[in-house]
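Below is one structure; the comments refer to it alone.
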Amino acid sequence: MVRKIIHIDMDAFYASVEQRDNPELKGKPVAVGSPGTRGVLTTASYEARRYGVKSAMPSKVAARLCPDLIFVRPRFDAYKKVSDEIREIFHQYTDLVEPLSLDEAFLDVSENKINIPSATIIAKEIKQKIKEKTHLTASAGISMNKFLAKIASDMQKPDGLFLIPPEKAVEFVEKLPVEKFFGIGKVTARKMHELGIKTGYDLKQLSKRELTRRFGKVGSYYFQIARAEDNREVNPNRIRKSLGAENTFTKDLIDMQEVRNELENILEILHIRLKKSNTKGKTLTIKVKYSDFQQITRSKTVDGWIQDKSHIRSLYEELLDQVEIRNGIRLLGITLSHLNHEEHENKEDGSGSQLILDL
Ligand code: TTP
Ligand code: MG
């Protein structure tokens, strides 16, 4: 049986909530994050994106790109409230809801509570209800699996609705540039470009063996998605075991000062995620991937809870003593595990899933 999957993703989520709640911000370039020199943006309004301002960008860079940019501090309570409201709407249609973050979820509506056979009609209704309830817009992607639905929701943002029908799926993926693939980050896309792989069609020319040789474990996933295949189920009860943030660099890091600077940026994002989900943990792990793709991890477990920025910083500083630069570092990550709520809990972000995505 062919599944009917919807992916819903709120548009410029934090920034839209801020514009909704403060009319002075409407129509203006808004960034959510602290303006300080160490600050990193969580997101930006569509007005700001026209200047090239985007998520995870250092505030300093954003201010340079867009001198009129208005910085707003995040209000996680407000985002959580909207998140709860949209989840309630999703559950009017199905309980097979898998949130990926506060503003984003997969729904399997193959069978649904109101017996509407058309996933497109359901997606339209959901968008409408979200607008009525929250005064915010969402974009919807509809297709036969998670991979395609996720890409589809991005096709017509903002306020979009995009369907990839099963019979068009293979052709759609063949034409899709690799940088648009869900699961292929910036750095991997660049590597593919260097190999002459520009589209799904190009990707399909590589054997599974060749893909795993070049890209590691995730290569077999690439093999599948190049064929528009993805059998992963919508899983409403994922247990979060760890929460982390990581980044792959366009240029390998070759000295400790660079490593410290990048860890500070990653810490900023991790800290936001921890606050967003009220998470703390007992074990801190740093991950280092070298230019030759060799990877090491170093961990430390403490008696109390790890949550504060300064605590995390002092722990990774300690772990850095066991890290060498070797020929250069291509990726750094910080993860917390042994969390305070390892019972059933929906993930608030993509971390720790089968796929590690670039920031
Ligand atoms: P996204 O859905 O990735 O982005 P968005 O909703 O702001 O914009 P889009 O219209 O393109 O979907 O993320 C949802 C929220 O999560 C975002 O508003 C802020 C937060 N976030 C971070 O805190 N850090 C990040 O690096 C990213 C990508 C998002
Ligand atoms: Mg969004």
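Just one of the listed residues (Lys124, Lys133) is more than 23 Å from the chain's Cα centre (by Cα), in contact (Cβ under 8 Å) with a residue 40 or more places away in the chain and surrounded by fewer than 21 Cβ atoms within 10 Å (Cβ to Cβ), and it is Lys133. Among the residues of the stretch 10-41, those that are part of a loop (DSSP other than H, G, I, E, B), away from ligand 2 (no atom under 15 Å from the Cβ) and either within 24 Å of the chain's Cα centre (by Cα) or not charged (D, E, K, R) (or both) comprise Asn22, Gly27, Pro29, Gly33, Ser34, Pro35, Gly36, Thr37, Arg38, Gly39. Part of a helix (DSSP H, G or I) and either in contact with a Cys (Cβ under 6 Å, 6 or more places away or on another chain) or not hydrophobic (A, V, I, L, M, F, W, C) (or both): does that describe Thr120? So Thr120 fits the description; yes. Residues of the stretch 23-42 that are modelled with pLDDT of 95 or more and near ligand 1 (Cβ under 9 Å from one of its atoms): Val32 alone. When the stretch 272-292 is filtered for residues that are more than 16 Å from ligand 2 (Cβ to nearest atom) and either under 21 Å from Asn261 (Cα atoms) or in a helix (DSSP H, G or I) (or both), the ones remaining, listed by number, are Leu274, Lys275, Ser277, Leu284, Thr285, Ile286, Lys287, Val288, Lys289, Tyr290, Ser291. Residue pairs whose Cβ atoms lie under 9 Å apart, sitting 6 or more positions apart in sequence or on different chains, and linking a residue in the stretch 262-278 that is without any contact (Cβ under 8 Å) to a residue 60 or more places away in the chain to a partner that is buried (at least 18 other Cβ atoms within 10 Å of the Cβ) and not in a helix (DSSP H, G or I), are His271/Ala245.
Scanning the stretch 67-110 for residues that are more than 16 Å from ligand 1 (Cβ to nearest atom) and within 19 Å of Asn22 (Cβ to Cβ) yields one hit, Asp68.
The values are calculated or read from the model by the stated rules, or taken from the named source; none is laboratory data. Just so it is clear, the model here is predicted, and its values are computed rather than measured. As a convention, Cβ positions derive from the backbone with ideal geometry for all residues, glycine included, and neighbour counts pool all protein chains shown.
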